[in-house]
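Data block below; observations after.
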Amino acid sequence: MKVLVVGSGGREHALVWALSRSPQVKELYIAPGNGGTGGLATNVPIPAEDVAALVDYAAAGRFDMVVVGPEAPIALGLTDLLQAKGLRVFAPSAAAGQLESSKAFSKDFMRRYAIPTAAYATFADHAAAARYLEAHPAPIVVKASGLAAGKGAIVCQTDAEAQAALRQIMVERAFGSAGDQVVIEEYLSGQEVTVLAFADGRTVKPMLLAQDHKAAYDGDRGPNTGGMGCYAPASVLDDALLRQVVARVLQPAVDGLAELGAPYVGVLYAGLMVSGGDFRTLEFNCRFGDPETQAILPLLRTDLVDVMNACIDGRLDQVALEWAAGSCACVVMASGGYPGDYARGFEIAGLDEAAKLPDTVVFHAGTRRDGGRVLTAGGRVLGVTSWAGGLPEALRRAYAAVERIHWDGAIYRRDIGAKGLRAGKEAA
């Protein structure tokens, strides 16, 4: 098979890594890729948002499958345009992708199909939203409705913070047109867990549970990020509760979109808040998570190509997902200042030394190559990932690899997986 992956982050590096392990894949390309993907695939210098150029390239190259990683090209209709050219695509249509591209659509969809979620209100007018906040005291959550690279949800602990967040989104336009509408939500407490599932338009099959760490700093402090690390499997949901999530969240979402004429094919991601044996849906994403992908795919034993083809062909019910025993942990190394302003262009040292550690891979995100050097080129730079028979050893290996990697101003959280370790001790 000849396969094209679209995207440039750590998620896409992990997808390329997993696809390269399939004996069915003979040619592998990624557009545009990053400083690490070139070792496994051919980097093609087409931005993920340039859907017209991607369609022309994919059609001319006669690819057997196109795998779309990030959310932006999905929202721009890349899947629809590729399918119009007769290409097989693993990613939802733009209509189905509204579950992520419009939080306003998503919340209304959840209410329509009785999917448990937080109470909310949607606004396109700043003054009306500000009045709503006056009547609904903090803690509260203010979200840009559109795509904001995982940073558009602001958890506000005081009324002043809530009004400031609203100004930042709607007046100062911190997230551009993503802030044309805002969703103001009830604050939920508990533990966050990510449930990713493969979907073929009718059937959904969940992957291993993962727990992301969104806050920038240890102890879940600081601003929201795209994700500072992850581990899988997470034990936040037992088997009975996971069955409820499938029955009350994932399957209704797939069935609802089919009813609306937008069958969902690809990966459906539900972010949940779990508390006291119950859960509510924080958000849907319409693609593999980042960094959840880096922690989940190393444990997938079933050939990823077989799963993707089954989704595209509507026969996911005929494929069994098999997982390796043990745990996987991913620690994100980021540029100093992230998720705010940060500098680029620092040379990264120690990558070869880290890669020599057992059952460890360093997924690149914000990197580029300059001759023989690898330089920082983004906020989240690397996803240092290790797996082992248990979570303590997976974390030990990942942090041992992190300690071998250096550049000026590198930052990372030192408590990835701490909740999972505590849960393991309590269970014991």
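Of the cross-linked pairs 143/419; 103/205; 214/419; 143/205, which ones have a Cα-Cα span greater than 22 Å in the structure shown? Correct reply: 143/419; 103/205; 143/205. Take residue 205: with every protein chain present and a 1.4 Å probe, its accessible area is about 50 Å².
Given an 8 Å cut-off on Cα distances and at least 6 residues of separation, report the relative contact order of the range 173-259 as a percent.
RCO, the range 173-259: 24 percent.
Which shape class applies to the chain: rounded if a/c is under 1.5, otherwise prolate when a/b exceeds b/c and oblate if not, where a ≥ b ≥ c are the square roots of the Cα gyration tensor eigenvalues? Rounded, since a/c falls under 1.5.
Roughly how many percent of the accessible protein surface of the chain is carbon and sulfur, given a 1.4 Å probe and a whole-percent answer?
48
Solvent-accessible area of residue 286, all protein chains in place: 0 Å² (probe radius 1.4 Å, heavy atoms, ligands and nucleic acids excluded).
Counting only Cβ charges, +1 for Lys and Arg and -1 for Asp and Glu, the dipole size of the range 33-106 around its Cα centre is about 160 debye. Dipole magnitude for the chain: computed about the Cα centre from +1 point charges on Lys and Arg Cβ and -1 point charges on Asp and Glu Cβ, it is near 400 debye. Considering only 332, 318, 342, and ranking their Cα positions along the charge dipole of the range 298-350 that arises from unit charges at the beta-carbon of Lys, Arg, Asp and Glu, the one farthest toward the positive end is 342. Which residues in the range 327-342 have a backbone N closer than 20 Å to a point placed 7 Å from the Cα of residue 21 along the Cα-to-Cβ line? Those under the cut-off are 327-332.
Adding -39500 (n - 2.57) for every DSSP H run of four residues or longer, then dividing by how many residues the chain holds, sets the calculated 222 nm ellipticity at -8500 deg cm²/dmol.
With a 10 Å radius around each residue's Cβ, average the other Cβ atoms per peptide and rank 206-214, 299-307, highest first. All intermediate terms of the calculation are to be shown ahead of the outcome.
On the way: 206-214: 22.9, 299-307: 17.3.
Packing proxy ranking, top to bottom: 206-214, 299-307.
Annotation: peptides 375-385, 97-107, ranked by per-residue average of other Cβ atoms within 10 Å with the highest first, follow the order 375-385, 97-107.
Between residue 111 and residue 136, what length in nm is gained on full extension when 0.36 nm per residue of separation is reduced by their alpha carbon distance? Could the numbers behind the result be given before it?
On the way: separation 25, 0.36 × 25 = 9.00 nm, distance 2.01 nm.
The span from residue 111 to residue 136 would gain 7.0 nm if fully extended.
Residue 48 sits among other residues whose Cβ lies under 12 Å from its own Cβ, and their net charge, with Lys and Arg +1 and Asp and Glu -1, is -2. Taking 0.36 nm per residue of separation and subtracting the Cα-Cα distance, full extension of the segment from residue 275 to residue 355 would add 25.0 nm.
Rounded to the nearest 20 debye, the dipole size of the range 155-255 about its Cα centre is 260 debye, using +1 on the Cβ of Lys and Arg and -1 on the Cβ of Asp and Glu. Candidates 206, 294, 251 compared by Cα position along the dipole of the range 201-297: farthest toward the positive end lies 251, with charges placed on Cβ.
The values are calculated or read from the model by the stated rules, or taken from the named source; none is laboratory data. Source: prediction; values computed, not measured. Using ideal geometry, Cβ is built from the backbone for each residue, glycine included, and neighbour counts are taken over all protein chains shown. Heavy atoms of the whole protein, side chains included, go into the accessibility calculation; ligands, DNA and RNA do not. Shrake-Rupley method; radii C 1.70, N 1.55, O 1.52, S 1.80 Å.
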